[in-house]
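Asker: Sharing a structure here in structure tokens format.
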Amino acid sequence: MPGTELNDPNRPPAWITIGTFDGVHLGHQAIIRKLVHGAHMRNERAVVVTFYPHPAEILRNITGPYYLTTPDERETLLKKLNVDEVITYAFNRGMAEESAHNFILNLRQKVNFSCLLVGYDFRLGSGRAGDITTLRELGREFNFEVETISPQSVNGYVISSSAIRQLITNAEMRKTVEMLGRWFSVTGEVVHGDGRGVHIGIPTANVAIWPRLLLPPSGVYAATVELENKSFQAVLNIGQRPTFYIPPAEMTFEVHILDFDQALYGKVIKVNLIEFLRPETRFRSAEALMEQIKTDIQQTRELLTHAPQTPGLSS
């Protein structure tokens, strides 16, 4: 738990929710909106208690890319939903072995909460023993209410971070929108690459990606780029540039922004992945690659002209 003392007697009590909230998808948003509405109706604070690293990293020994959002992006998304405070636990083996009783006891010493709002299948503590029944018993002991929210579904499928990860792994970008409520996006700083895009007449921005972020498969994608409150159409390539490198080079995340000629080095851009166009392919020459990229650009223009608008993340 952060070292700052949060249970200031002069601060109003809080409604809290507890979870990882990776991706802040539509299911998470339903919980957060109910949390914010309930808390603010009582003139109380809406507080989210979350974790980093993701408990799955520790409990399932996950080492590869896994996250749908960086910790900073997750907090930004939660704050956009009018959450008053986000408290992040440093999750470790010791916490995994802590009982639900001790977890709640320690949390109560930090935050004076009047209501705990969680998902219908939420569990807490060692062995996931802290189910809803246990939490209600703890609520009677520590004087707080427990409220639950039903699962959120779309097209008959329950919305979950694991389902979204599978969609991303399958490059089903349009379907991720149905569960996220927004395009799956990647944010990163533009860094220097090898300059090959400029040499073949199609300059690209090479984006540095957090290595723990889950990306879809190698290939070419229709995308949009958000920069300084403006949006631009773009073609994205995720891959190892096999036309130029044998054996393949390191994986890169490069965007060619259409109708754009500004310098981007050092700037942070957000890339929204709209649709998978084709697998990454080794071409016989740079000229053949250029012809294919021209086709990719034309296809992207047509796709984005007719791409549905997605709702913004708001309270």
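Asker: On full extension of the chain, what length is gained from L105 through Q292, given 0.36 nm per residue of separation minus the C-alpha to C-alpha distance?
Answerer: Result: 61.2 nm gained on full extension.
Asker: Let me ask something else. If I stretch the segment between E98 and H192 completely, what's the gain in nm (0.36 nm per residue apart, minus their alpha carbon distance), one decimal?
Answerer: 29.3 nm
Asker: Can I ask one more? What list of ³J(HN,Hα) values in whole Hz, one per residue of the stretch 21-38 in order, does the Karplus curve 6.51 cos²θ - 1.76 cosθ + 1.60 (θ = phi - 60°) give from phi, with Gly and Pro shown as x?
Answerer: For the stretch 21-38, the Karplus curve yields 6, 5, x, 6, 7, 5, x, 4, 4, 4, 5, 5, 5, 5, 4, 5, 4, x Hz.
Asker: I'm spelling it out carefully: the read-out is Cα Rg over 2.2 N^0.38 Å, the candidates are (i) 0.91; (ii) 1.14; (iii) 1.26, and one was derived from this structure. Which label?
Answerer: Entry (ii).
Asker: Once both labels are modelled 7 Å past Cα along the beta-carbon direction, what's the E141-R42 spacing in nm?
Answerer: Here the answer is 2.0 nm between the modelled labels.
Asker: In nm, to one decimal, how far is the modelled label at D121 from the one at R301, with both set 7 Å along Cα→Cβ?
Answerer: 4.7
Asker: Neighbour counts of other C-beta atoms within 10 Å: give me W15, W210, W183 arranged from fewest to most.
Answerer: Taking fewest neighbouring Cβ atoms as first place, the list is W210, W183, W15.
Asker: How do E85, E254 line up, fewest other C-beta atoms within 10 Å first?
Answerer: E85, E254
Asker: Here's something else I'd like to know. Amide H to amide H under 5 Å from F144: which residues, 5+ apart in sequence or cross-chain, H placed 1.01 Å off N in plane?
Answerer: Result for F144 returns nothing.
Asker: Once you have the Cα-Cα distance between K80 and M251, take 0.36 nm times their residue separation minus that, and quote the gain in nm to one decimal.
Answerer: Difference between extended and current length: 58.3 nm.
Asker: Follow-up question, since we're still on this one. Around F51, which amide H atoms from residues at least 5 apart in sequence, or from another chain, sit under 5 Å from its own amide H, with H modelled in the peptide plane?
Answerer: Result for F51 returns Y89.
Asker: Once phi is turned into ³J(HN,Hα) by the Karplus curve 6.51 cos²θ - 1.76 cosθ + 1.60 with θ = phi - 60°, what whole-Hz value does each residue of the stretch 101-115 show in order, with x for glycine and proline?
Answerer: 4, 5, 4, 5, 4, 5, 5, 5, 6, 9, 10, 7, 9, 9, 8
Asker: Counting other beta carbons within 10 Å of each Cβ, put I149, I31 in order, fewest first.
Answerer: Lowest to highest Cβ neighbour count: I149, I31.
Asker: Given H placed on each backbone N at 1.01 Å, which residues far from G23 in sequence or on other chains put an amide H within less than 5 Å of it?
Answerer: Distant-sequence amide H within range of G23: L68, T69.
The numbers here are math on the coordinates, done by the rules we state, and not lab data. Note that this is a predicted model, so its numbers are computed, not measured. Note that each Cβ is placed from the backbone with ideal geometry, even for glycine, and that neighbours are counted across all protein chains shown.
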